[in-house]
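First the structure, in the form of structure tokens, and then the observations on it.
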Amino acid sequence: MEEQVILDVKNLSTTFHTERGDYQAVSGVSFQVHRGEILGVVGESGCGKSVTSQSILRLYDERREACYSGEVLLEGRDLLSIPIKEMQRLRGSEISMIFQDALSTLNPVLTIGYQLREPMRIHEKLSRKEADLNAVELLRLVGIPEPEQRMHQYPHELSGGMRQRVMIAIALACRPKLLIADEPTTALDVTIQAQIMALLLSLNRQLHMGVILITHDLAVVAETCSRAVVMYLGQVVEEAPVEELFRHPLHPYTQGLIASVPHLDDPGKEQLHVIPGTVPFLEDIPTGCRFAPRCPYATDQCRREMPQLQEAGSQRVRCWHIRSEGGV
Amino acid sequence: MTSTSEKDLYLLQKQMLQEQRRIKLRRLGRNRVAVIGTLIVLVMAVIAIAAPLIATHDPYAFAVADRLQPPSAQHLFGTDSMGQDVFSRVIYGTRTSMIVGLCVSVSAGVIGTLLGLYASTSKVLDHVLMRLCDGLKAIPSILFAICLMTMLGPDIKNVILSLAITSIPNMARIARSEALVVREQTYVEALRSTGATETRILWLHIAPNIISSIIVQMTFVFASSIIQEAALSFLGAGLPAGAPSWGNILSDGKNSIYNAWWLIVYPGIFTMLSVLGFNLFGDGLRDFFDPTKV
């Protein structure tokens, strides 16, 4: 793997302005994405995965909805401080995104071809004909049979898996350096999920771009990613190469997540592990370690003070117990 | 891996478009009500365009000797109190109604869509435009039209203008509400993530989504402006007295309603049929435009 960093997120925070006050949905997230690698971002619902990804593209309206802080460096350039016009130019050409809901991310009244041409028309100023030919090649690249016909069909004429493939084709239209896939398979059934993940993996190798794969499915992470970031309540709690993460997870939350995945080869009919409690609302974030209320190892120190991310071998963990015992 | 040649791609596109059109037309053909509506609309359009060829007499020519003749071979729909041929006047009246309907629906449609689309873009603009529309809607539209007509004077241009003004608020509201719904869809967000500007999203992605509702609404505006023009003329606030218009003929006929039924019945039937026709046509169009129903 080349060690060239494409995206460097430093201390990113996103605060939403709401009627009931400001809530920080993402606080101080840092990670790096290298060229040609797939970085997994894992966590429960509501832990800030999607907000992080949309913040990287600055998709929230800064005048009304949200405010960002920190730095998001795309090849050294800070995306959070460039003018919005410049950001629009980068979206879709340098960074693009695949959304969770494959069924509603295509405009129902326009043909597949029209929507595939769109990014090329915006960014590369191609003529309609050139864009059309490129679009057919893209459809072929993402494994859609009879691409010439699909070009003239409407989204409702395609199945869910096909639509997600089309979305991937649109995202790849301008050969971005970074692809953010926000739970690309949640709306699809299992066999199609596997196909889409295999497609992403092969495209990642073929086109050599960085991919951020956001998911709550640890199996997907184990299969596709080289490194993973575990998020809890808007913070990174652990970051590690995937093998390390599964072999010795250091953070109690990661341990809980891994323990709650069912195993087919488990001999006993034991109950699945459950992490007690739920993700708290943003209104009552604990003062100390954010995971402390649900953590089986929590001490007074955990409840009082927020631990920092610390290096532990090739891993980085946000937990007080690391220094004392080298893992819990 | 075969590569596609340009020619193949566009040939295929032509074939598929033809096929889609065929399927849609067949579907429209199965919808009886829509076919009836379309036929009525077509007949009305032909009458309006070919009025000079169809009319048997000059609609303005007086023949005092032939006053209040019942329908006969010479005067198909009889004559009115000044001996004018009712058939020819009804035919020319069709032309008036179609011109009024077309101009009002097109101008209200275009202006309403513009206002609605832009109202959906910003909260401030939304409030300003929609409160203006509320203000216009607060006055009953026919009263408002009468007011405008008395200020502007009887003329077909003024009828079109005042009816358009009263139809714009409804149009703008429909365009706005549809645009607001579309704006919240995931695909708009996905578009933003591909770097599309707001203007591009508004015109190339939101507008095509709302255009079918607008066209359907335009046919209803067409129908209602036919009625309103007839009503204004009937009340003497529409076209100048003597001009051939269904409302004017009805208005003339009300004095002799007990001894000359033909003065009321024929323009009445034409008004009714055309309004019915345009409404059915609009319903048919609604089904036709829905791309998710094939």
So in region B:255-286, with the set limited to residues that are in a helix (DSSP H, G or I) and surrounded by fewer than 15 Cβ atoms within 10 Å (Cβ to Cβ), which one is nearest to the other protein chains (Cβ to nearest Cβ)?
B:Leu276
Looking only at region A:63-85, decide whether some residue is assigned to a helix (DSSP H, G or I), open to solvent by less than 10 Å² (accessible area, probe 1.4 Å) and of a type in the set (A, V, I, L, M, F, W, C).
no
Looking at region A:145-157 only, could you name the residues that are closer than 21 Å to A:Pro184 by Cα and open to solvent by less than 10 Å² (accessible area, probe 1.4 Å)?
A:Pro155
Can you pull out the helices (runs of 4 or more DSSP H) entirely within region B:130-224 that have at least 1 residues that are within 14 Å of chain A (Cβ to nearest Cβ)?
B:156-183, B:186-193
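Residue-wise test of (1) of a type outside the set (Ser, Thr, Tyr); (2) open to solvent by 20 Å² or more (accessible area, probe 1.4 Å).
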| position | (1), (2) |
| --- | --- |
| B:Ile99 | yes, yes |
| B:Ser105 | no, no |
| B:Val110 | yes, yes |
| B:Val124 | yes, yes |
| B:Leu132 | yes, yes |
| B:Thr150 | no, yes |
| B:Ile160 | yes, yes |
So the helices (runs of 4 or more DSSP H) completely within region B:1-91 holding 2 or more residues that are within 14 Å of chain A (Cβ to nearest Cβ) and surrounded by 12 or more Cβ atoms within 10 Å (Cβ to Cβ) are B:6-30
Return yes when A:Ser55 is within 14 Å of another protein chain (Cβ to nearest Cβ), within 17 Å of A:Met231 (Cα to Cα) and not aliphatic (A, V, I, L, M) and no when it is not.
yes
For region A:168-196, name all the residues that are open to solvent by less than 10 Å² (accessible area, probe 1.4 Å) and in a helix (DSSP H, G or I).
A:Ile168, A:Ala169, A:Ala171, A:Leu172, A:Ile196
Take the residues in region A:91-121 that are part of a helix (DSSP H, G or I) and touching a Gly at 6+ places or on another chain (Cβ under 7 Å); name whichever of them is nearest to the other protein chains (Cβ to nearest Cβ).
A:Pro119
Of all residues in region A:134-163, count the ones that are within 12 Å of chain B (Cβ to nearest Cβ), in contact (Cβ under 8 Å) with a residue 40 or more places away in the chain and not in a loop (DSSP other than H, G, I, E, B).
4
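So that you can scan it fast, the table gives a plain yes or no per residue for (1) within 13 Å of the chain's Cα centre (by Cα); (2) hydrophobic (A, V, I, L, M, F, W, C); (3) over 29 Å from A:Gln4 (Cβ atoms):
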position: A:Gly160; (1), (2), (3): no, no, yes
position: A:Ile168; (1), (2), (3): no, yes, no
position: A:Leu199; (1), (2), (3): no, yes, no
position: A:Ser202; (1), (2), (3): no, no, no
Answer from A:Glu75, A:Glu71, A:Glu62, A:Glu124 - the residue that is more than 10 Å from every other protein chain (Cβ to nearest Cβ) and in contact with a Cys (Cβ under 7 Å, 6 or more places away or on another chain)
A:Glu124
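The values are calculated or read from the model by the stated rules, or taken from the named source; none is laboratory data. Remember, it's a predicted structure, so these values are computed and weren't measured experimentally. For neighbour counting, all protein chains shown are included, and Cβ atoms are generated from backbone atoms with ideal geometry for every residue, glycine included. Ligands, DNA and RNA are excluded from the accessible area calculation, which covers all protein heavy atoms including side chains. Shrake-Rupley method; radii C 1.70, N 1.55, O 1.52, S 1.80 Å.
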